[in-house]
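Mind looking over this structure? Questions follow.
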Amino acid sequence: MSGYRDDRAAREEQLQQLQREIADAKAKLTEDHKVLEELAERAASLEGRDPPIAPAPSTAPEGAEPPAPKSSFPLALGLALAAVIAIGGFMSRNTTPATPTPTPAPSPLAGIPGAPHHVDPSAVLPSARALALAGAELTQIHATYVASDGTFDLDAPALHGRGRLEVTYVVAPPPVKVDPAAPLGAPRPPPEPSRGTQVDLDFRGLHATHDQGGAFGMLALHVTPVAEPKCTARQVWDAAKRAGAPDNAVAQLTYSSFLGRAMWDFTIDGTSYAFKIGDPECRVLTPSEQFAR
């Protein structure tokens with residue numbers, strides 16, 4: 001009998017523990033239900049709609065336990081979902097718009113006709129002139145690796161001849177002032193240094209370097225002004241082809257004053273093709289024409 005009473009006492013203790021756990025769970029469920037209702041009411045207030053209607057109070061007799069709901073999870077889940085949707089809608093209407101992606105910087109070759117693969121040196125001259133010092137005069141144009149169509153490639157592989165353009169402008173120094181009282185044979189005062197601008201075009205774009213009168217190497221040999229060229233790079237190449245130059249090549253073109261006459265030097269590196277082409281004639285000059293004054 002003692003063993004039977006012990007088992008019965010143990011079952012009653014377990015039953016009481018289970019009932020306490022059930023009571024605790026019901027209390028927690030009631031508390032969670034209240035929290036969900038508060039969240040739903042706040043969400044409805046933020047969204048501008050009426051709050052959900054609370055369930056009618058129980059009509060069970062006093063002291064009697066209310067009937068257990070068929071399922072507490074669907075109601076709790078629904079209230080939570082409504083709160084999340086309402087808050088999400090409110091946040092989507094009040095979220096600051098994302099910062100727009102910054103516009104990429106323009107290419108350094110923007111505005112260069114034909115860049116990067118088919119640049120006509122002649123078409124760049126107006127832009128180069130605009131970068132020169134005020135009062136400067138053209139003294140030299142040098143274009144490298146110019147193809148037979150009169151253009152060069154700023155982005156060509158290095159061993160295929162990557163094009164480049166250099167244009168030099170110089171401000172002529174004032175005449176040297178000689179002291180009229182100085183005897184014949186006396187030292188003459190040195191001339192003032194030339195000032196000028198070298199404009200370069202390469203794959204980095206068009207840029208200018210100014211010399212304000214210092215010892216600048218770029219001006220050492222290019223101080224004789226020359227008229228703006230009449231011949232284009234394409235016409236210079238056409239003259240060279242008429243004299244036998246092959247058209248599947250790239251050439252060095254230099255425009256400057258030679259013995260007071262404007263002309264182009266045309267050379268194909270590593271070959272014997274070298275011509276002096278007059279400007280504005282746009283044809284190869286004979287030796288006597290080259291030295292005619």
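The values are calculated or read from the model by the stated rules, or taken from the named source; none is laboratory data. All figures in this text were calculated on a predicted structure; none of them were measured in a lab. Using ideal geometry, Cβ is built from the backbone for each residue, glycine included, and neighbour counts are taken over all protein chains shown.
When you look at LEU184, is it in a loop (DSSP other than H, G, I, E, B) and surrounded by fewer than 20 Cβ atoms within 10 Å (Cβ to Cβ), yes or no?
Working: in a loop (DSSP other than H, G, I, E, B): yes; surrounded by fewer than 20 Cβ atoms within 10 Å (Cβ to Cβ): yes.
When the stated conditions are applied, LEU184 passes them.
Within region 174-187, count every residue that is more than 26 Å from GLU137 (Cα to Cα) and either within 55 Å of the chain's Cα centre (by Cα) or not charged (D, E, K, R) (or both).
Residues of region 174-187 that are more than 26 Å from GLU137 (Cα to Cα), as a first pass: 179-187.
Cutting the leftovers down to either within 55 Å of the chain's Cα centre (by Cα) or not charged (D, E, K, R) (or both) gives us 180-187.
Total satisfying the criteria: 8.
If a residue must be part of a loop (DSSP other than H, G, I, E, B) and in contact (Cβ under 8 Å) with a residue 12 or more places away in the chain, how many such residues does region 157-174 contain? Talk me through it step by step, then tell me what you get.
At the first step, the residues of region 157-174 found to be part of a loop (DSSP other than H, G, I, E, B) are 157, 162-163, 172-174.
Those still in the list that are in contact (Cβ under 8 Å) with a residue 12 or more places away in the chain too: 162-163, 172-174.
Counting residues in region 157-174 that are part of a loop (DSSP other than H, G, I, E, B) and in contact (Cβ under 8 Å) with a residue 12 or more places away in the chain gives 5.
Let me ask something else. How many residues, within region 37-53, are at pLDDT below 75 and surrounded by 10 or more Cβ atoms within 10 Å (Cβ to Cβ)? Please lay out each step first, then the result.
Here is the first cut: in region 37-53, the ones at pLDDT below 75 are 39-40, 43-53.
Add one more test, that the residue is surrounded by 10 or more Cβ atoms within 10 Å (Cβ to Cβ), and what stays is 39-40, 43-47, 49, 51-52.
Adding up the residues that qualify gives 10.
What single numbered condition from (1) in contact with an Asp or Glu (Cβ under 8 Å, 6 or more places away or on another chain); (2) assigned to a loop (DSSP other than H, G, I, E, B) fails to hold for PRO108?
(1)
Residue by residue, here is whether (1) at negative phi; (2) at pLDDT 95 or above; (3) touching an Asp or Glu at 6+ places or on another chain (Cβ under 9 Å) holds:
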| residue | (1), (2), (3) |
| --- | --- |
| PHE90 | yes, no, yes |
| ARG129 | yes, yes, yes |
| GLY135 | no, no, no |
| ALA147 | yes, yes, yes |
| LEU154 | yes, yes, yes |
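Looking at region 254-293 only, could you name the residues that are of a type in the set (Phe, Trp, Tyr) and at pLDDT 95 or above?
Filtering region 254-293 down to residues of a type in the set (Phe, Trp, Tyr) leaves 255, 258, 264, 266, 273, 275, 291.
Result: TYR255, TRP264, PHE266, TYR273, PHE275.
How many of the residues in region 256-279 are part of a strand (DSSP E or B), farther than 12 Å from PHE291 by Cα and among the charged types (D, E, K, R)?
Residues meeting the conditions: 1.
Within region 193-209, does at least one residue satisfy the condition of being more than 30 Å from ALA249 (Cβ to Cβ), touching a residue at least 60 places away in the same chain (Cβ under 8 Å) and among the hydroxyl-bearing types (Ser, Thr, Tyr)?
For region 193-209, residues more than 30 Å from ALA249 (Cβ to Cβ), touching a residue at least 60 places away in the same chain (Cβ under 8 Å) and among the hydroxyl-bearing types (Ser, Thr, Tyr): present.
Here's a follow-up. Restricted to region 20-35, and to residues that are hydrophobic (A, V, I, L, M, F, W, C) and modelled with pLDDT of 75 or more, which residue is surrounded by the most Cβ atoms within 10 Å (Cβ to Cβ)?
At the first step, the residues of region 20-35 found to be hydrophobic (A, V, I, L, M, F, W, C) are 22-23, 25, 27, 29, 35.
Pick out the ones that are also modelled with pLDDT of 75 or more and you get 22-23, 25, 27, 29.
Values: ILE22: 11, ALA23: 10, ALA25: 11, ALA27: 10, LEU29: 14.
Restricting to residues being hydrophobic (A, V, I, L, M, F, W, C) and modelled with pLDDT of 75 or more, the top hit is LEU29.
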